[in-house]
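Every number in this text was worked out from the coordinates using simple rules, so none of it is lab data. Predicted model, so just to flag it, every value in this text is computed and none were measured. Please note: Cβ atoms are built from the backbone with ideal geometry, for glycine as well, and neighbour counts cover all protein chains shown.
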Amino acid sequence: MSTDTLRSASVREPSRRTVAQLIAAAQRDTDSVSIFMDGCTAGDTEAAIFVVKGPEEIAYLRAVCERQGLLSSKTVVG
């Protein structure tokens, strides 16, 4: 596939962030967890991205999510 075709097939809203941009923004945040969502509040948001910083914090939050049944071992495709 030519890069011209690839470029026109991938259109991203200017307000959308890449994973690298979200992680970079989270690193500037002093909190252990940064939350990025489309809406202004939890009430008007259908999905959010949580960036957890630090190996201990990641392990803790993962364990909490597993205990609450929020995680499965299935592979995410796409």
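Data overview
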read-out	value
Modelled FRET efficiency - R0 35 Å, residue 44 with residue 20, Cβ distances, 0.05 increments	0.85
Summed side-chain charge close to residue 34 - residues other than residue 34 whose Cβ falls under 11 Å, Lys, Arg +1, Asp, Glu -1	0
Filtered GluC sites (Glu not before Pro), region 27-78: DSSP coil and at most 16 other beta carbons within 10 Å	46
Fully extended contour minus Cα-Cα distance, from residue 61 to residue 28, at 0.36 nm per residue	9.9 nm
